[in-house]
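Shown next, in structure tokens, is the structure this report addresses.
The values are calculated or read from the model by the stated rules, or taken from the named source; none is laboratory data. These numbers were taken from a predicted model, which means no experiment stands behind them. Counting neighbours? That spans all protein chains shown, and the Cβs are built from the backbone with ideal geometry, glycine included. These area figures cover heavy atoms from the full protein model, side chains too; ligands, DNA and RNA do not enter into them. Shrake-Rupley method; radii C 1.70, N 1.55, O 1.52, S 1.80 Å.
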Amino acid sequence: MRASSVRPTGVERTFGEDEIIVSKTDDKGRITYANSVFLRVSAYHEDEVLGQPHSLIRHPDMPRTIFALLWETIQSGEEIFTYVNNLAADGAHYWVLAHITPSRTATGASGGYHSNRRSPGRGAVRDIDALYGRLLTEERKHSLPADAMSASRLVLDRELAALGKTYDEFVWSLIENDGMVTL
Ligand SMILES: Cc1cc2nc3c(=O)[nH]c(=O)nc-3n(C[C@H](O)[C@H](O)[C@H](O)COP(=O)(O)O)c2cc1C
């Protein structure tokens, strides 16, 4: 089943503070590995996930601009910490704090990507849900995806400038406010 055909039920699923949702992808972002926590929380079977892009679990309320930032960052060889709301196969949603990194082979060549996801603190989810709502409202004013993305990036940049923080510093301030500094 593809994410586009899954209807969100509004039911939130959580997972243990000591659990890590892990997946790995090839260079194109196709999933090559998903651990048992990934499969349990997303309610997919392994054979439905392998070879698919992560947009399989894309939630319609996630702003495009966050994924654009994610890909820009990892394609330039950097890591990113970001909050993501995901959609499970049964329509439940689950928030994660994701740490996504490019993988390197022994020779230093690009070897796809890796994501470790932890259960985020409730305070962070409240703040990030509100921010993503503002980004999404902006995106929905535009019919062309590219216009939506650049308009909501402006909103994001303006909010970050008002806080005097980079995106990375902003995410870390949410992590630290929730007392979660060990990832
Ligand atoms: C390693 C890795 C992990 C990712 N994890 C997620 C995820 O958990 N949820 C998600 O919606 N997108 C995730 N993405 C981003 C997706 O590739 C994709 O950009 C996003 O789902 C938006 O899909 P769309 O561009 O088709 O709308 C991940 C990408 C990579 C490389």
Go through 81-89, 95-103, 146-154 and give me the packing order, highest mean Cβ count within 10 Å leading.
81-89, 95-103, 146-154
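Where nothing but the Cβ of Lys and Arg (+1) and of Asp and Glu (-1) is charged, how large is the charge dipole of the stretch 90-136 around its Cα centre, in debye to the nearest 20?
That gives a dipole near 140 debye.
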Environment charge at ASP147 (Cβ cut-off 12 Å; Lys +1, Arg +1, Asp -1, Glu -1):
+2
Place +1 on the Cβ of every Lys and Arg and -1 on the Cβ of every Asp and Glu in the stretch 76-183, take the dipole about the Cα centre, and give the residue among THR166, ILE128, VAL96 whose Cα lies farthest towards its positive end.
VAL96
Could you tally the net charge around THR65, taking each other residue with its Cβ under 15 Å from the Cβ of THR65, Lys/Arg +1 and Asp/Glu -1?
0
Of all the accessible heavy-atom surface of the chain, with the other protein chains kept in place and a 1.4 Å probe, what percent is carbon and sulfur?
51 percent
Per residue solvent-accessible surface (Å²) - the stretch 1-99, probe of 1.4 Å:
48 Å²
Using amide H atoms built 1.01 Å from N in the peptide plane, name the residues 5+ places from ASN86, or on other chains, whose amide H lies under 5 Å from its own.
TYR94, TRP95, VAL96
Return, ordered by residue number, the residues of the stretch 58-94 whose backbone nitrogen is under 15 Å from a label point located 7 Å along Cα→Cβ of SER150.
65
Which shape class, rounded, prolate or oblate, goes with the chain when its Cα gyration tensor gives a ≥ b ≥ c as root eigenvalues, a/c under 1.5 marks rounded, and past that a/b bigger than b/c marks prolate?
rounded
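Tell me the mean residue ellipticity at 222 nm calculated for the chain from its helices only (DSSP H runs of n ≥ 4, each -39500 (n - 2.57), averaged over every residue, nearest 500).
Numbers: 6 runs with 71 residues, N = 183.
Rounded to the nearest 500, it is -12000 deg cm²/dmol.
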Pairwise centroid distance, computed over Cα atoms, of the stretch 63-82 with the stretch 149-176, Å:
13 Å
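Mind putting a number on the dipole of the chain about its Cα centre? Charges go on the C-beta only, +1 for Lys and Arg and -1 for Asp and Glu, and I need it in Debye to the nearest 20.
Details: 20 positive and 25 negative charges, 83 e Å.
In total the dipole reaches around 400 debye.
What number, in percent, do you get for the relative contact order of the stretch 22-150 if the mean sequence gap of Cα pairs under 8 Å and at least 6 apart is divided by its residue count? Write down the numbers at each step before the final one.
Values: 205 pairs, mean separation 31.3, N = 129.
Relative contact order, the stretch 22-150: 24 percent.
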